[in-house]
1. Which of the strands (runs of 3 or more DSSP E) found entirely inside region 1-106 contain at least 1 residues meeting this: more than 11 Å from ligand 1 (Cβ to nearest atom) and over 24 Å from Glu158 (Cβ atoms)?
2. Look at Thr259 and say whether it is at pLDDT 95 or above, hydroxyl-bearing (Ser, Thr, Tyr) and assigned to a strand (DSSP E or B).
3. Output the residues belonging to region 250-273 that are in contact (Cβ under 8 Å) with a residue 60 or more places away in the chain and either among the hydrophobic types (A, V, I, L, M, F, W, C) or open to solvent by less than 10 Å² (accessible area, probe 1.4 Å) (or both).
4. Determine the pairs where a residue that is among the charged types (D, E, K, R) and open to solvent by 20 Å² or more (accessible area, probe 1.4 Å), located within region 219-236, has a partner that is away from ligand 1 (no atom under 16 Å from the Cβ) and modelled with pLDDT of 95 or more with Cβ atoms under 7 Å apart, the partner being 6 or more residues away or on another chain.
5. Quickly run through region 115-140 and pick out the residues that are of a type in the set (Gly, Ala, Ser) and either part of a helix (DSSP H, G or I) or surrounded by 14 or more Cβ atoms within 10 Å (Cβ to Cβ) (or both).
6. I'd like to verify a number: residues in region 141-167 that are in a loop (DSSP other than H, G, I, E, B) and in contact (Cβ under 8 Å) with a residue 40 or more places away in the chain, how many?
7. Is it the case that Ala241 is within 30 Å of Trp171 (Cα to Cα) and not in a helix (DSSP H, G or I)?
8. Sort out which residues of region 274-291 are assigned to a helix (DSSP H, G or I) and open to solvent by 60 Å² or more (accessible area, probe 1.4 Å), and write them in order of number.
Amino acid sequence: MTHKILLTGGAGYIGSHTYVELAAAGYEIVILDNFSNARPDVLDRLEIITDAPVTSYRGDVRDRALLDTIFAEHEIAAVVHFAALKAVGESGRMPLEYIQTNVGGLLTLLEAMMAASVWRLVFSSSATVYGDPEKLPIREDAQRSYTNTYAFTKLASEQILEQLAAADARWAFGTLRYFNPVGAHDSGLIGEDPNGIPNNLMPFIAKVATGELEKLSIFGDDYNTPDGTGVRDYIHVVDLAKGHVQSLGKLIETGAGHTVNLGTGTGYSVLEMVRAYERACGHELAYQIAPRRDGDIAACYADPRLAGEVLGFEAHRDLDDMCRTSWNWVSRRRNG
Ligand code: NAD
Ligand code: UDP
């Protein structure tokens, strides 16, 4: 039987890659996106990749009437909820907008789901709910905390889902804690496309590689890590997308909720990322050492075993593949 899935934020970076993997797995998909951080032509590109028309609604996940219309027009089996604001720095300057969109959006969606008797949801959480981890690699039972408003919204959302699941056994949630998604689809048609100057490392490096930005500032080289620069668990976005297919499958087949890390279990430093990208783009990348960024932690990488046990999840794509697909995407994008 074909199941129909509502993908909020489905035109965004992770949502668009997940769309492709869900379509390949035989799901029917309805996208809801307000395009606040995505270009409408992503939908055309998804049609090219999947060779099938895309069903989408342009609107806000906080619009209850629109959600009711979508649930009335489609027999939705489950929701994958990506729609959110995600810039850590901005979240401190605009806390109300972040809480309103990320927490308020989730609440409105859950109310609409309950009214439509749709009880399964995959939620985009983040390794940021671990704050500054005490132990590495990070297991799912590590203490949770937050150091910024964005992280607060993710932790609060997780807790809301826990309250609902405890109160009513019909709910089943797949809470996926992403580490650092990077890379792009092999086609070069979709990828990460931030507006303005990127906050995150990989899109910044990519813009240095294309010549759009002059040089990378490495935020600190005096951390307690092998080369002194920050260490993160970078995961290929296509591997991450496949994790959503596995999470959905588990929710739909068994109704069993789960909370798992989606990472590779391997950490790379900023300097290792620069070197890997240089291999992919074929030229040296300019960088300078700059002061530490406020709120940054030295190292963060997952213990990915639980996702393996619960979902059969395993990340297959290596660092060179992450850089190669990113470079393919940004160089094609730049050439139109
Ligand atoms: P993204 O900004 O590319 O995608 C989010 C999508 O949601 C965009 O297409 C945007 O237009 C849409 N959107 C935003 N607010 C909306 C609203 N109110 N109504 C409808 N649509 C709205 O971000 P992404 O990197 O694809 O992230 C997807 C999810 O994963 C987010 O919840 C994010 O917090 C989470 N996450 C991302 C990362 C990361 O590093 N990219 C890491 C951990 C968690
Ligand atoms: N980083 C950097 N320069 C940049 C952006 C990021 O040196 O312009 C570093 C950052 O300090 C961290 C790593 O790269 O050690 C990953 O940062 P990102 O913002 O991508 O992810 P997060 O810190 O949220 O895990």
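1. Passing ranges, in order: 4-8, 28-33, 55-58.
2. yes
3. Leu251, Ile252, Ala256, Val260, Asn261, Leu262, Gly263, Val270, Met273, listed by residue number.
4. Asp221/Gly228; Asp221/Thr229; Asp221/Ile289; Asp222/Gly228; Asp227/Ser269; Asp227/Leu271
5. Once the filter is applied, which keeps residues that are of a type in the set (Gly, Ala, Ser) and either part of a helix (DSSP H, G or I) or surrounded by 14 or more Cβ atoms within 10 Å (Cβ to Cβ) (or both), region 115-140 yields Ala115, Ala116, Ser124, Ser125, Ser126, Ala127, Gly131.
6. 2
7. No.
8. The answer is Arg275, Arg279.
The values are calculated or read from the model by the stated rules, or taken from the named source; none is laboratory data. All figures in this text were calculated on a predicted structure; none of them were measured in a lab. All Cβ positions, even for glycine, are placed from backbone atoms using ideal geometry, and neighbour counts span all protein chains on display. Keep in mind that these areas ignore ligands, DNA and RNA; they rest on the heavy atoms of the full protein, side chains included. Shrake-Rupley method; radii C 1.70, N 1.55, O 1.52, S 1.80 Å.
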